[in-house]
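Worksheet for the structure shown next.
FYI, it's all coordinate maths here, none of it is from the lab. Keep in mind the model is a prediction, meaning the values are calculated, not measured. Using ideal geometry, Cβ is built from the backbone for each residue, glycine included, and neighbour counts are taken over all protein chains shown.
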Amino acid sequence: MPLEPVTQALLAQLAEPRTPPIHEGTPAMARMSGPIFAGLSGRGPEVAAVRNTKLAGADGELFRVRVLEPQGPPQSVIVYFHGGGWVIGDIDLQYDHLGRHLVNLTDSTVVLVNYRKAPEHRFPTALEDSWVGLQWAADLAGPDIPLIVAGDSAGGNIAAVMTRWARDRGGPRIDYQVLVYPVTDADFDRPSYLDPQNQLLLGRDTMIWFWDHYLPDHVARRHPDASPLRAPDLAGLPPALVYVAEYDPLHDEGVAYARALDAAGVPVALEEAAGQMHGYFQMANILPGYATGMELVAARIRTFIGQHSPDLDQKAV
């Protein structure tokens, strides 16, 4: 379907100041857009409790995590890794808003991991921080409450890697994964990367810019920890929701990852946000696709929780 009208209007508005695109600026300049969009989104809904803490990364340096609690006993613990090309984004602005919605729509505890960013902290720091955050959050879930990993874009990349690390390192047990337009491969020549209609808020040149800051070594990008689609074995990973955007350079690699999971015997549901561009899932009160997408993700999580049993194999929901 055509690009959604409100999205078209937003893009036209952003084009008026003729601000240089992200890939023509510095990380510091790119990070200035966060408060602007957060101001448009506004504050997220109230939750029962908010707790902030700091954890030590593999090198001993600290990073932040935020725990958002529901009213009543949590039905799951969702560890959310935010997007932003491993360079921008944090847990204070739009992703705090997103986390609060997830809490209230799923009656779950949501843990937001503020992994350190490139280029100050290049690959694999974001993964190592996220692994520490995941292990810490697993203690909140315990043996009886489902543990779910979720993320969008670069955060979807991290969530996908976390499931494989957990499988190969003997835990923690991850019960479900939600990957929203995830980065799964450093291949910039897929049809969705080359499609002129997909050069919107995120385009091919901007993704190359993100990768150049995160992992400049082109050969190292082939490693499954950078490109999860290249993992030789995806069997035994938790059931997945893969949710792609119709107008997105990352569309094809998201679809390819869902198909690879399915081929490996992993229960997977593939959904497409029709008429939406990359980034819609963080645009609360800005793009209508946010509310639609959040409802879909929350409904899938609620259905999974309702069917969950740690002693039974899961089916795709």
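Along the charge dipole of the chain, pointing to its positive end and built from +1/-1 on Cβ of Lys, Arg, Asp and Glu, which listed residue (137, 102, 12) has its Cα farthest out?
137
Can you tell me the FRET efficiency between residue 187 and residue 122 if r is taken as the Cβ-Cβ distance and R0 is 25 Å, rounded to the nearest 0.05?
Step by step, r from the Cβ atoms, then E = 0.80.
Nearest-5 percent of antiparallel DSSP beta bridges in the chain?
Bridges in the chain are about 35 percent antiparallel.
So if I place +1 on the C-beta of Lys and Arg and -1 on the C-beta of Asp and Glu, and nothing else carries charge, what would the dipole magnitude of segment 5-307 be about its Cα centre? I want it in debye, nearest 20.
In total the dipole reaches around 440 debye.
So if each residue of separation counts as 0.36 nm, and I subtract the Cα-Cα distance between residue 49 and residue 307, what length gain in nm does that give?
Once the chain is fully extended between residue 49 and residue 307, it gains 90.2 nm.
Using a simple spin-label model with points 7 Å from Cα along the Cα→Cβ vector, what separation in nm is obtained for residue 291 and residue 92?
2.9
With each pseudo-label sitting 7 Å past Cα toward Cβ, what's the residue 274-residue 40 distance in nm, one decimal?
2.4
Could you work out how much longer the chain between residue 212 and residue 3 gets when fully extended? Use 0.36 nm per residue separation minus the Cα distance between them, nm to one decimal.
Result for the pair: 72.4 nm of gain on full extension.
Can you compute the label reach from residue 230? Point 7 Å from Cα along the Cβ direction, backbone N cut-off under 15 Å, restricted to segment 206-224.
Correct set: 211-212, 214-224.
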